[in-house]
Every structure is written in structure tokens, then in C-alpha cells.
Amino acid sequence: MRRLAFLVCLLCSSPVLGQPLDVSVTLRPIHSLVARLMSGIGEPQLVMRGGLSPHHYAPRPSEVRTLHHSGLVIWVGPSVEPSLAKTIRTLGDDTLTLTLSEESALELLPARLGGNWERATLNNDENDHHDAWNRDPHFWLDPVRASTAAKAIAQSLILADPENKATYLENLTNLTADLSHLDDDLKKTFEVIANKPLFVFHDAYQYLESRYSLQVLGAVTVSADRIPGAKRVSQIRALIRRAGVSCILFEPQFKPALIRVLTEKTGAHLGAIDPLGSTIEAGPKHYFVMMRQSAAVIRNCLSPSKPDKL
């Protein structure tokens, strides 16, 4: 029914002849893919420009207006951008919406909430965004799934702007070829470090793990400005030492003091990684730069000859 409504709305949302379709995209990596697909036609608007986590992002009035004035809005879904869910639900009939997390072709992996995943033991008293949804939404960290997402995006662009179908399809062909080359490059990067244990602060890397056989033993999702108690710190350190973890990945929102408290005396190397590439310039090159930089960080972190930088 939602797909039918989407198609019906296309009849009243096509761009004015000679004007590019107004497209808004919430996240930087997805915006990069859309920018590639729209090359030669127009430039998509990036909604979330700051470095804040999208899980806690509060849209400004200007960003809400941008969404309402768009012909097509592309987002991952409420599990990643919860603060935008209400706004997107209230968009008018002349604004089309593509919710990528609802695309079955992406074959999203189950969210890890228990079982042998250490995170459930270390973080079982906290309710974060993963507890409310059954699927892990961080699919863009897998270039193969990013290619699948690009096909869904291209389909939406063509439906909304059929006059530029040929250009969208040509751009899609070039983009999927580049994503395939990226996948090959990452396989070569990761093959020498596959199955070496590492630990992360945020459980966002399941798709990298699955695609490239990375061995992530667990994640600790704690408030970026709150240091956990001594008991939990002891548990985390014990796990890291017991499993022989040589690399711990952290994200920009975690303060250095917190990282030191959780990792000191573990002997593990540290690597700064950002699944959104918040400090990388937005645009058509962003996704590829982000993925290659992330791969290099993980490789260097798992290499004992590389010094830590914190």
C-alpha cells in the first residue's frame, strides 16, 4: 500500500520542466551516493551537516523547512534518525519519501541484543536505539549493500524525474562499478587482518564484519560524557585481556578521558573511526574516502607497529 501511495504521489511531485528535482538526504554517506547518481542533473541537499550523532540529532527549523520543500527525501529510517521521524511523517503529498531501511533487497542483519554477543552482558542496563528495532540499520558500511541501496535510490529518482532516466541509469552503472572496485580493494586490505580480535565502542560495524571476516568481540554503548562505574570498567578490561584484543575502535563523540579509563593497562591499540565520516567533505567522493580511511584505521590499529593517536 505504501509503495502504491508512493507511485500515485509521483504524478503530482514531478519537477518543473528544466528544473532539477529537489532532493534532500539526511546522512552524509547516503548523500554521497545520491550525489553520484545526480551528477550532471543537480545536487542533493544534505540535511544533517553537523558532527553530532544522528541518534541524538535535533533538527533546526531551517532543516525542517528544507525537508518540507523537497520533492524527494531519502533517509535510512527512524532507528538511525529518530528525531526526524515525526517531521517526515508530516510531509505533504507532494514530497516523496524513500526509507532505505524498509528496502527488503538490502537484507538487513538482525540487531545484536544478546546471546554470545558480549555487548548484552556489558551493557544490559541501558536501553539504546538497538533495543527498539530488530534490524541493524548500518548497511552502508558494506559496499555490496551500498550498491543495492544505490539501485533503490536510482529507481526513486527515475520515478520522480523520468526525463533524466538515461542519465540516472548511466550514473548508476558507473557508481556500481566503482563500488565493486572498492569492495575488491577492501578485501585486499582486510585479508591480512581477518580473524584478529578487536573491540568497538559502538555496535555499528556488523556489516564490515560480515563482509570481510572481521572478528569484533563486543561493543560498549555508553554515554559520551559519562564514565561508567569501576565494576563495569573492570569487566571490560578483563574481557579485552582475556580475549587478547589488540585493537579498540572508538568514535569522535567519545571523550579521550573516557577512552583512557576504559582501555588503560589493556595493552590494546586505539583507532579513531567514524561510520558517518562526519569530518570528510560531503559530496560524491565522500563515501569512497570514508570507507578507505576506515579500512586503513582498522588495519593500522591491528598492526602492533603502528602507534596510537589519541
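Coordinate-derived values only; no laboratory data. None of the values given here were measured: they were computed from a predicted structure.
When all C-alpha to C-alpha distances in segment 191-301 are sorted into bins of 10 Å, what percent of pairs does each bin hold, rounded to whole numbers?
Going from the shortest bin to the longest, the percentages are 13, 47, 31, 8, 1.
Note the count of lysine pairs whose C-alpha atoms are less than 21 angstrom apart in segment 191-301, limited to pairs 8 or more residues apart or on different chains.
4
Below 8 Å between Cα atoms, with a sequence gap of 6+, how large is the relative contact order for segment 191-301 in percent?
26 percent
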